Structures are given as C-alpha cells and as structure tokens.
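A.B. asks: The structure is given below, and queries will be raised subsequently.
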Amino acid sequence: MAADGSDRHTAQVVGADGEMDGPVLERFAAAAGLVQRGLSYAVVSIFGPQGSGKSTLLNRLFGTSFAEMDALKGRNQTTKGIWVAKAAGIEPFTLVMDLEGTDGRERGEDDTAFEKQSALFALAVSDIVMINLWCHDIGREQAANRPLLKTIFEVLMRLFSPRKTTLLLVIRDKTKTPVEYLAQALKEDIHKIWDSVPKPEVFKKAALSEFFNVEVTALSSYEDNEEQFKEQVGKLRHKFIHSIDPGGLAADRRGVIPASGFCISAMHIWKVIRENKDLNLPAHKIMVATVRCEEIADEKLRCFMVDEGWLELEAVVTSVPVQSFGMKLNDIIDFYLLDYDMETMYFDEGVRTVKRQQLESEIVNVVHPAFETLIKHLHCTVLSKFKNDLEQLLRSGERFAASARHCAQSSSVEFEAGWRDAVVKHADWDATNSRNKLQQSVEVHTAGLRIAKLDELKATYEKKLLDALSGPVQSILETGERDSWASIRRLYRRDTEHAILEFSDSLSEYELDQTTSVEMVLELREHARCTVEKKAREQAENILIHMKERFSTVLSHDKDLMPRIWTANEDIHAITREARLVALRLMSVMAAVRLDDKQDKIDQALMVSLLDGGSLSWKRSIEFTSDPLASTTWQEVSQKDTLITPVQCKSIWRQFKAETEYPVAQAILMQEAHRRSNNWLPPAWTILVLAVLGFNEFMFILRNPVYILGLFLAFVLSYAVWLQYDIRAYFCHGTVSGLLTISSRLLPTIMDIVMAIVKMSHRKKHSSHLSRRAPSYHAQSFSNQSRQHAEVHYHASPDSPSSVDSSSGSAS
C-alpha cells in the first residue's frame, strides 16, 4: 500500500504529527474518480479504542486494504493519523476514512487533543460515523466507550451542522445477550451522556435525535467465530449500498459538499480544527462553494480562451466582418457556461450564480475587443455604403436633402441589423455610442458633401455670371458711349437676377436654413458685382491704350468706318477735336464704377478741365469754382468705386495728347501732299494767256495740213506715253521731278512703241498669208490681233517699258 495513494486508492491524508497532506488527498481523489461524482457519494468514517479491530472491520466491510494489527506481534498502534480509501464494489462512490484509535498508550493519557480533532473532523466530513465498541463494556459507567461518546457530543456543539449524521454503533464480540437489549442499553447510555454534555444556550433543550440518527449493529468475534463474523459483515455491507437513497444510512443530504470540492472542504475544515476555531459548516459550505466555483470558472475561462472556434472567430474578425458573429459566439459561450453549470450544480446556488455571472462577465471582457473590431468593420461598411448610395442617388438627379435623409435612415437600419447580428446575448453592451458615432460620421460626410456640392453649384453660377458679364461689359466699356454704364447696369441686373432665381431654385434641394440661403444669394450677387468691377478695373488699367485706339479709329476712319483720305475738304482740327472728345468720354466712362443709380459730374469735370474750347471754359467758370481734377477723389463717388482718380486722369490726358500729336501731324502732311498732287497742271490764267498769245500760230497750223498731220502724230504718241506712265504720280513730288522722270524714260518708251508697231505689221502680213491657205481662221486671227493690240496699250506698266515687248513677243 502506497502512502501517496497511487496503489489501490489508499492514502494517508493526516500524518501522526497532525498535519494534513493536501496534494496527497487531491491525487487520491483524482485517481479514485471522486471529483466527477457530484453529490453521488458518501463518506464513512470509523473511530474507536485502539486495537478494537477498526481497520479489520473496514477491510472486510468495504474491501479496503488498511493496515491491520498483527496479534502475534503484540497489541500496539497500527493506524496513525487519518487514512482514506475507496470502498470496492459499492454504489454510490463511498469514501472510507480510518481514524487513529483512541486511548492509545503511544499518545498517553493526557494527549487527547488529536482524538478530539480527528473526531470533529470525522463528524464534519462524514455522512456515517461508525463507533467501534466492545460488547463487555456496555453498561459500565467507566467503560472506554463513554469518554469517546462524550468527546463526540462535545465537539458536535462546535459544528453548527444543518444535517443529521448517522451514528452506527458497532458492537464487537457480541455475547449471548440479545442485540435488542444491548441496543436499548447503549441508547440509554448515549442519552445520559448527551444530557451530561455542556451545551450552548441555543441547544439547551435540543434532543439527541435532532443531530443524530442512531443505529446499532452487533458482530461476532472475528477470532473466535470468523465465518459468522464474515456473514454478519456481509449483511451489514448491504446497508451501505445505495446509502444516499431515501431511507438509507446517509439519506440526509443537506449541506453536502459536491465531490469536486471535497478536497478543498476537508483541507479547510482540518485547518480550522487545528487552529482550535469553531467550525461553522454552513459558512464552510459557502467557502468551499466559493473556492470551487472560482476554480471551475477559471478553468472554463481558460478553456474558452484556447477554444478553436473562438480563436478562429477572433482571427477572422480582425480582417473582415463575420456574419452571424453573435450567434456563433453565443454557442461557444453557452457551451462553457453549461459545462460550468453541470460542474457546479451541487454547490450553493447563490455562490455558483455569482461566480457564473463573474465567468460570464470575464468571457464577455475577453470577446469585447473582437466585438469592437467587428463593430468598426460594420461602421466602415455601413458608412461606405451610405456614401456610395448617396452618390448614386445624386448622380441620378435626386434632390440632395431627401437623398441624404433616405440614405441615413437606410444606414441606421442596416447598422441596427448588423448590431443585432454581432451582439452577444450574455453582454449588456449599449449601442448608443456606436450608433452616435456612425450618425456623427454620416452627418460629417453629409455636411462635407453638402459644402462641396454647394461650392460646386456656386462656382457653376459664378462662372455663368462671369461668362455672361465679362465679355459684354468689356465690349460696352470699350465703346465709351455716354450711356455705357446704364447699359452695364441693365445687363448686370438682368443676368444677376436671372442667375439668382435659378441659384435659389437649386438651393432649395439642400433645405438650407433661411440665413444660409440669404448669405449665399448675397455672395453670388456680390460676385456678379465684383466681376463687373474687376472687368472695369482691367479696362481702366489700360485706359491710355484704349483712348489711343479710339482716337486713332475716329481720326483715320470716316463715319462709314472707311479709311479716311486727307483731301483738302477734310477739317483736321474738327476731326481731331472729335477724336479727342471720344477718347475723353472713354476715360470718363472708365473713371469710376457706376452700378448704382447715382448721378456724378465726372464727365463735366473732364470736359471742362481737359478739352479745349471757349464755351467749355465759360461753363467751367460757372459749375466749378476750382480745378475739379486737383483732387484724389470724385464728387459723389466712393473711394472703392473709383477706378481712375482725377489727378490720374489729368496725367493720362497729358500723356495721351503727347502721344497723339504725331498722327495729327501726319494727317496734316498727307493733306498738304494731296493738295499739291492735285495742282500738277498749269493754272487757268496761264492757259488763257497761251491761247491769246498763240492764236496766230494756231491758225497757221490749221491752214497747213502737214502741221495738222504732225500734230495728230504727236497726239497719238503723247497718248501712248500717257498710257505707259502714271503722270500724276510723277508730279506728286513736284514739276521738276516729274519732268526729269518722264524725260529719262521717254526715248525707251518711244522705241518700244515703234517696235510694237513693226511687229504688228509683220503679224498682219503673216495673217494675210495664212488666210489664203486657211480662210476659216481669219476671224480668229483678227480677234487675237485686236486683243494683242489692246494688251500693248493698256497692260504695259510705266515702270516696265519692256512689258510691251513681252506682250508682243508672246502674241507673235
């Protein structure tokens, strides 16, 4: 037999020194299979005088292998401390405890402390306490069994046990006296002992039956009548089978510690007894339940944390959402909670419920990070779907506010469904924070998208206004008409009101508050005004260029916009004044922004101060008491609307006049040149003098035909020369220059004409010869000759005398 309990499930749990070996007890319980028994087990202990055959009885009764005294070696102590063993072949599981014998000489007469401690321990943990008594001691006042019983009753007062313990009095080596008499005598002695034991006030009148079920059995002598002893033990054994059933020896199961907590209970009880403290078994039961339930709960928590299903869920949920997460996790948690319930079902209900709640809470804490990760996935998924759905609705032309509201409601419903799918029923997790976070994200995205859409909408209408106003405003300003700003105001108001009407209608789909809508409309209106002002400032920056362009246009073109020819009839002074007036009016138009219906005197001030003229000077003395341009501001014009200050206008006008003097001078020179070019013939009086003084010569020529023929030939030759040269162009630069040019080219021209006449005569002869051979071509040849002749007379350039030759050559 091994002391550590590894052989035949027998172990010494309390040594002779009174110290309990907890690990040995736990190994014994595990090896014997006690832990899995729940409440289906019974504990039987035996104590009695040393050498009374306790171990022998237990071995024969339960099939154990406790050490027995060898009578041949003398009567001495065999069992030391407390030993435990499992009863063989008995259901339910029966734990047998063999206690050290009392009244042993080894401990001495005064050392009764261990006897009381072991007796109290046996009463605390046992369902059945067997007391071994010698038959011949019954009825004696000072018999060995009376101190033993008194010890049992004394320690009983310290237990506060809620259940009855069965006292099985085993009469050993019975005589011929009937068992009934022996039992009656024992019960009377027991009652006397019970009455003589000092009791606490609460148990003063308590009867023995309230604490014990007293049973008596008698056995023959093992040494003298072994067969009969074995037969009687066999009958007694039947009483221990199903001992915990109603009517059995251990029927009272109140306060029974579940088998899995027996080791903890036994160790704690022995510790309390050794410390000589009162043992409150109900409180001890709570303690054992607490310790054991905590152990079971810790074990289930560890098992849950290494569960493959949970680890798989935890791994998957870190990367992707898991469908039916809550249901899968509930199944795993329920499995371990049910396992906990099965193992703790026999412990105190209050304790196991509290520990179950703690286990549930700890499991929930373990899974909460994974749940939070899943909710983050859900948050991202729902938010992403919200963004996509909203974008699709907006692309399809749906109104913004209605679409955002619809998508937000759909997202809320989807989130709630996902939450219900992910939530664990064992956890009291509140969805408010997550719901609010999603709602906040939806609102932030909606607000951001609304701002972007509004900015896009605003930019669209701003571009429309820019396109509608920029070009026309520039065109109107460039005309420089008196009513330019009136036209710009009409254009500005018409296009702005039209854009604002459409813009307000577009804003209605966003369901903005009144203040925001008004602000955006005002911003659009201000943008339109800024567009006009910006374009006006751009034009004003280039005012000098525009003024010179307007001046040049008016100066160099007539009213029909045809290029002006500076003839003698053109009044350069008036035209120049008109051109400067147009330029000055252009500067007046661009001097200030006039989008408000306010009258100003900019035009009058510029006319009076800058444009020459007696009437204007007289008007200046009437309307203005001082120089109106000697200031940096215009009267009745705000600083922000001023584009060109009066001082700047004066400076620009001086520069303008300086830069436009050259084209005026050019016009004057061109007019003078034109006048001279039209006077190349002699004056009329010269012709009259020649006619009077040359009358005789004229009459002489008329009377002489030869002179007439010569004059005719001279006329023809002069006409041919006239056709060859641009006589007017030669005399534009003076008479002498013209005569020199003509004289230098006269002889080559005459030679060309003579050569052309000779060639024409040759062609004529050649044509006559061909007409005799091919008369059908006569008409065509005559036509060609006529055309060739015309080319000689009309297409020859005065600068290229040889052109006549080339024409003739090609004709020939």
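The values are calculated or read from the model by the stated rules, or taken from the named source; none is laboratory data. Since this is a predicted model, take the numbers as computed values, not measurements. A quick note on method: Cβ atoms are made from the backbone with ideal geometry, for glycine too, and the neighbour counts reach across all protein chains shown. Please note that ligands, DNA and RNA were not included when accessible areas were found on the heavy atoms of the full protein model with its side chains. Shrake-Rupley method; radii C 1.70, N 1.55, O 1.52, S 1.80 Å.
A.B. asks: Condition first: under 29 Å from the mean Cα position of the chain (by Cα), of a type outside the set (Lys, Arg) and more than 30 Å from Ser260 (Cβ to Cβ). Can you find one or more residues in the range 326-347 that meet it?
C.D. replies: Yes, that holds for at least one residue.
A.B. asks: Applying the selection to the range 438-453, what residues are without any contact (Cβ under 8 Å) to a residue 12 or more places away in the chain and within 10 Å of the chain's Cα centre (by Cα)?
C.D. replies: Listed by number, the list holds a single entry, Val444.
A.B. asks: May I pose another question? Does Leu501 satisfy being out of contact with any helix residue (DSSP H, G or I) (no Cβ under 7 Å at 6 or more places or on another chain) and of a type in the set (A, V, I, L, M)?
C.D. replies: yes
A.B. asks: Just to be sure, is Glu549 open to solvent by 20 Å² or more (accessible area, probe 1.4 Å), in a helix (DSSP H, G or I), in contact with a Lys or Arg (Cβ under 7 Å, 6 or more places away or on another chain) and among the charged types (D, E, K, R)?
C.D. replies: no
A.B. asks: Mind checking whether some residue in the range 598-610 is aliphatic (A, V, I, L, M), farther than 30 Å from Ile668 by Cα and in contact with a strand residue (DSSP E or B) (Cβ under 8 Å, 6 or more places away or on another chain)?
C.D. replies: Scanning the range 598-610, I find at least one residue that is aliphatic (A, V, I, L, M), farther than 30 Å from Ile668 by Cα and in contact with a strand residue (DSSP E or B) (Cβ under 8 Å, 6 or more places away or on another chain), so the answer is yes.
A.B. asks: Is it true that Gly104 is modelled with pLDDT under 90 and open to solvent by less than 20 Å² (accessible area, probe 1.4 Å)?
C.D. replies: Against the criterion (modelled with pLDDT under 90 and open to solvent by less than 20 Å² (accessible area, probe 1.4 Å)), Gly104 qualifies.
A.B. asks: Also: Suppose the filter is over 30 Å from Tyr336 (Cβ atoms), assigned to a helix (DSSP H, G or I), at pLDDT 90 or above and open to solvent by less than 30 Å² (accessible area, probe 1.4 Å); does Ser384 pass it?
C.D. replies: no
A.B. asks: Output the number of residues of the range 596-629 satisfying the condition of being at pLDDT 50 or above, more than 27 Å from Ile488 (Cβ to Cβ) and either among the charged types (D, E, K, R) or open to solvent by 80 Å² or more (accessible area, probe 1.4 Å) (or both).
C.D. replies: Total meeting the criteria: 3.
A.B. asks: Quick check: is even one residue across the range 63-75 at pLDDT 90 or above, not acidic (Asp, Glu) and not in a loop (DSSP other than H, G, I, E, B)?
C.D. replies: The answer is no; no qualifying residue exists.
A.B. asks: I'd like the full set of residues that are among the acidic types (Asp, Glu) and without any contact (Cβ under 8 Å) to a residue 24 or more places away in the chain, limited to the range 477-531.
C.D. replies: Scanning the range 477-531 gives Asp483, Glu497, Asp505, Asp513, Glu519, Glu526.
A.B. asks: Looking at the range 300-341 only, could you name the residues that are touching a residue at least 40 places away in the same chain (Cβ under 8 Å), open to solvent by 50 Å² or more (accessible area, probe 1.4 Å) and not charged (D, E, K, R)?
C.D. replies: Answer for the range 300-341, where residues must be touching a residue at least 40 places away in the same chain (Cβ under 8 Å), open to solvent by 50 Å² or more (accessible area, probe 1.4 Å) and not charged (D, E, K, R): Met305, Thr318, Val320, Pro321, Gln323, Met327.
A.B. asks: Would you mind stating whether Ser434 is modelled with pLDDT under 90, under 30 Å from Val322 (Cβ atoms) and either open to solvent by less than 50 Å² (accessible area, probe 1.4 Å) or in a helix (DSSP H, G or I) (or both)?
C.D. replies: yes
A.B. asks: Being more than 28 Å from Leu133 (Cβ to Cβ), crowded, with 19+ Cβ neighbours inside 10 Å and either more than 60 Å from the chain's Cα centre (by Cα) or among the charged types (D, E, K, R) (or both) is the filter here; which residues of the range 27-47 pass it?
C.D. replies: Phe28, Ala32, Arg37, listed by residue number.
A.B. asks: Also: Out of all the residues in the range 253-277, which are at pLDDT below 85, out of contact with any helix residue (DSSP H, G or I) (no Cβ under 8 Å at 6 or more places or on another chain) and surrounded by fewer than 18 Cβ atoms within 10 Å (Cβ to Cβ)?
C.D. replies: Arg253, Arg254, Glu275, Asn276, Lys277
A.B. asks: Out of the range 532-546, which residues are free of Cβ contacts under 8 Å to residues at least 60 places away in the same chain and open to solvent by 80 Å² or more (accessible area, probe 1.4 Å)?
C.D. replies: Lys534, Glu541, Ile545
A.B. asks: Of all residues in the range 454-502, which are farther than 18 Å from Asp597 by Cα, among the charged types (D, E, K, R), modelled with pLDDT of 90 or more and open to solvent by 50 Å² or more (accessible area, probe 1.4 Å)?
C.D. replies: Result: Asp455, Glu456, Lys463, Lys464, Asp467, Glu502.
Yes/no per residue for (1) over 30 Å from Arg302 (Cβ atoms); (2) surrounded by 15 or more Cβ atoms within 10 Å (Cβ to Cβ); (3) at pLDDT below 90; (4) among the β-branched types (Val, Ile, Thr):
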{"residue": "Asn388", "(1), (2), (3), (4)": "yes, no, no, no"}
{"residue": "Glu398", "(1), (2), (3), (4)": "yes, yes, yes, no"}
{"residue": "Arg405", "(1), (2), (3), (4)": "yes, no, no, no"}
{"residue": "Glu414", "(1), (2), (3), (4)": "yes, yes, no, no"}
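A.B. asks: Then there's this: Restricting to the range 342-366, count the residues that are within 18 Å of Asp331 (Cα to Cα), open to solvent by less than 40 Å² (accessible area, probe 1.4 Å) and touching a Cys at 6+ places or on another chain (Cβ under 9 Å).
C.D. replies: Final tally of qualifying residues: 1.
A.B. asks: Confirm whether Gln648 is open to solvent by 80 Å² or more (accessible area, probe 1.4 Å) and modelled with pLDDT of 85 or more.
C.D. replies: yes
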